[in-house]
Amino acid sequence: MASPETQALWVSDERALGPAEAFIDGLEFCHLHAAPEGSLHLTLPREVRPQVLKLGWAELHLLVRAGFLPESLVLVYAPRNDSELEIALRLVQISCQFAQGVYDRLRSPRREAIHG
């Protein structure tokens, strides 16, 4: 469904140990939309999602709101500066950990999303 310029991030078969909702399609956990859009679609664990949405860094994917996709899929807004880029990169890292089944549920989700 994404444009040809979209770049997908995925994990290998042996590392894809996360739950089904950690993946967008196949082993993909995130994709980056080309400039000028620059936003990302990625999956986030339940523990992180509420804070990310509340802080305004992302919104639920349109097809999640329509009831067609799991609630783990969000649209992360394109970063506008270095601070926002840092947050977006941390969210990609959390998404990758989620896909690998290694996200540490004992860490504070808000602290994890903000500070890494």
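The values are calculated or read from the model by the stated rules, or taken from the named source; none is laboratory data. Because the structure is predicted, anything quoted here is derived from the model rather than measured. Heads up, the Cβs are rebuilt from the backbone with ideal geometry, glycines too, and the neighbour counts pull from every protein chain shown.
Within this structure, Ala20 passes the test of being of a type in the set (A, V, I, L, M, F, W, C), loosely packed, with under 12 Cβ neighbours inside 10 Å and touching a residue at least 24 places away in the same chain (Cβ under 8 Å). Looking only at residues of the stretch 7-34 that are part of a loop (DSSP other than H, G, I, E, B) and touching a Leu at 6+ places or on another chain (Cβ under 6 Å), we find that the one that is nearest to Leu85 (Cα to Cα) is Val11. Within the stretch 23-43, the set of residues being of a type in the set (D, E, K, R) and touching a residue at least 24 places away in the same chain (Cβ under 8 Å) comprises just one member, Glu37. Before we move on, is Glu37 assigned to a helix (DSSP H, G or I) and among the charged types (D, E, K, R)? It is false that Glu37 is assigned to a helix (DSSP H, G or I) and among the charged types (D, E, K, R). The residues of the stretch 76-116 that are at pLDDT 80 or above, in contact with a helix residue (DSSP H, G or I) (Cβ under 9 Å, 6 or more places away or on another chain) and within 14 Å of Gln51 (Cα to Cα), listed by number, are Val76, Ile87, Arg90, Leu91, Ile94.
In a helix (DSSP H, G or I) and under 11 Å from the mean Cα position of the chain (by Cα), is that true of Val92? Yes, satisfied.
Quick check on the stretch 72-88: of everything there that is of a type in the set (A, V, I, L, M) and not in a loop (DSSP other than H, G, I, E, B), which residue is farthest from Trp57 (Cα to Cα)? So, considering only residues that are of a type in the set (A, V, I, L, M) and not in a loop (DSSP other than H, G, I, E, B), the one farthest from Trp57 (Cα to Cα) is Leu73. Pairs please, first residue from the stretch 82-105 and closer than 17 Å to Phe29 by Cα, second anywhere and exposed (fewer than 14 other Cβ atoms within 10 Å of the Cβ) and of a type in the set (A, V, I, L, M), Cβ atoms under 8 Å, 6+ apart in sequence or on different chains. Short answer, once both residue conditions are applied: Gln100/Leu17; Gly101/Leu17; Val102/Leu17. Count, please, the residues in the stretch 26-67 that happen to be within 13 Å of the chain's Cα centre (by Cα) and loosely packed, with under 14 Cβ neighbours inside 10 Å. So the count comes out to 2.
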